[in-house]
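A.B. asks: Below: one structure in structure tokens.
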Amino acid sequence: MRRPEKQLEVRPEEQQDVRQAVEDDIPELVRLRASLFADLGGDYFNPSSAGDDWRHRLALVLKEQLTAESARILVVDGDEGLAACGIGTVEQWFPGPHNPSGRVGHVIGVVTDPAYRRRGHSRAIMRALLRWFSEREASRVDLYASPEGEPLYRDLGFADHPDPALYWRP
């Protein structure tokens, strides 16, 4: 059994590939996020009633969050457009013995275009996000993994959360 990665040093191949997103990347970020939801499918991730208005709202939020201190949007360039992207956020929760800083990181949708999969882009993005979370003193980083992404996240040191994940929609 392979041991999870613990070191977060910058590898030369990652440094040249991963960059912070800029405003010109927004159409490609929307495209990649839409492909994620299409791949996940089902009525939760891709309800038929959603229409396309969410894409416009996503573009507005991405533009706002590009320079936010509490968000990091990372990308890898492809030959035409983006090959991959990943989003991280840090929230300030209330500190406790299990979370001394009260800061909790969230990984939101690491996505790789199908033409660029199996080249290490998601791993490079995740390692860069984990360094960013460490710099922000996040006590914990949460994510929801697709079956395809779960082995990568476990290899990076992610484990099952002690609490069940539940949700409610108003």
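A.B. asks: Being out of contact with any Asp or Glu (no Cβ under 9 Å at 6 or more places or on another chain), modelled with pLDDT of 90 or more and surrounded by 13 or more Cβ atoms within 10 Å (Cβ to Cβ) narrows it down to one residue among Arg55, Arg33; which is it?
C.D. replies: Arg33
A.B. asks: Could you please find all residues in segment 90-147 being hydrophobic (A, V, I, L, M, F, W, C), in contact (Cβ under 8 Å) with a residue 12 or more places away in the chain and farther than 20 Å from Ile73 by Cβ?
C.D. replies: Here is the first cut: in segment 90-147, the ones hydrophobic (A, V, I, L, M, F, W, C) are 90, 93-94, 104, 107-108, 110-111, 115, 124-126, 128-130, 132-133, 138, 141, 143, 145.
Then drop every residue that is not in contact (Cβ under 8 Å) with a residue 12 or more places away in the chain, which leaves 90, 104, 107-108, 110-111, 115, 124-126, 128-130, 132-133, 138, 141, 143, 145.
Within segment 90-147, just Ala115 meets the criteria.
A.B. asks: Name the single residue, out of those in segment 8-29 being within 23 Å of Ser70 (Cα to Cα) and at pLDDT below 95, that is surrounded by the fewest Cβ atoms within 10 Å (Cβ to Cβ).
C.D. replies: Glu9
A.B. asks: Assess whether Ser49 counts as being open to solvent by less than 80 Å² (accessible area, probe 1.4 Å), at pLDDT below 95 and assigned to a helix (DSSP H, G or I).
C.D. replies: Spelling it out, it is not the case that Ser49 is open to solvent by less than 80 Å² (accessible area, probe 1.4 Å), at pLDDT below 95 and assigned to a helix (DSSP H, G or I).
A.B. asks: For segment 153-170, give me each residue that is outside any helix (DSSP H, G or I) and touching a helix residue (DSSP H, G or I) at 6+ places or on another chain (Cβ under 8 Å).
C.D. replies: Correct list: Leu156 only.
A.B. asks: Looking at segment 71-152, what strands (runs of 3 or more DSSP E) fall wholly within it and have at least 2 residues that are within 17 Å of Leu40 (Cβ to Cβ)? Can you show your working first?
C.D. replies: Details: elements: 71-77, 82-92, 103-112, 140-142.
The qualifying strands (runs of 3 or more DSSP E) are 82-92, 103-112.
A.B. asks: Scan segment 128-144 for residues that are open to solvent by less than 70 Å² (accessible area, probe 1.4 Å), of a type outside the set (A, V, I, L, M, F, W, C) and closer than 23 Å to Ala83 by Cβ and jot them down.
C.D. replies: If the condition is that a residue be open to solvent by less than 70 Å² (accessible area, probe 1.4 Å), of a type outside the set (A, V, I, L, M, F, W, C) and closer than 23 Å to Ala83 by Cβ, then Arg131 is the only one that fits.
One line per residue, one yes/no per condition, for (1) under 20 Å from Leu66 (Cβ atoms); (2) open to solvent by less than 60 Å² (accessible area, probe 1.4 Å):
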{"position": "Cys85", "(1), (2)": "yes, yes"}
{"position": "His98", "(1), (2)": "no, no"}
{"position": "Arg117", "(1), (2)": "no, no"}
{"position": "Met126", "(1), (2)": "yes, yes"}
{"position": "Ser146", "(1), (2)": "no, yes"}
{"position": "Phe158", "(1), (2)": "no, yes"}
{"position": "Leu166", "(1), (2)": "no, no"}
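A.B. asks: Still on this model: Tell me, which residue of segment 100-114 that is β-branched (Val, Ile, Thr) and open to solvent by less than 20 Å² (accessible area, probe 1.4 Å) is nearest to Val30 (Cα to Cα)?
C.D. replies: Val111
A.B. asks: State which residue pairs qualify: first residue under 15 Å from Gly81 (Cβ atoms) and in a helix (DSSP H, G or I) and inside segment 32-45, second residue at pLDDT 85 or above and open to solvent by 40 Å² or more (accessible area, probe 1.4 Å) in any location, beta carbons under 7 Å apart, and separation of 6 or more residues or different chains.
C.D. replies: So the pair list comes out as Ala34/Arg55.
The values are calculated or read from the model by the stated rules, or taken from the named source; none is laboratory data. Because the structure is a prediction, the values reported are computed rather than measured. Positions of Cβ are backbone-derived with ideal geometry, glycine not excepted, and every protein chain shown enters the neighbour counts. Note: areas computed on protein heavy atoms with side chains; ligands, DNA, RNA excluded. Shrake-Rupley method; radii C 1.70, N 1.55, O 1.52, S 1.80 Å.
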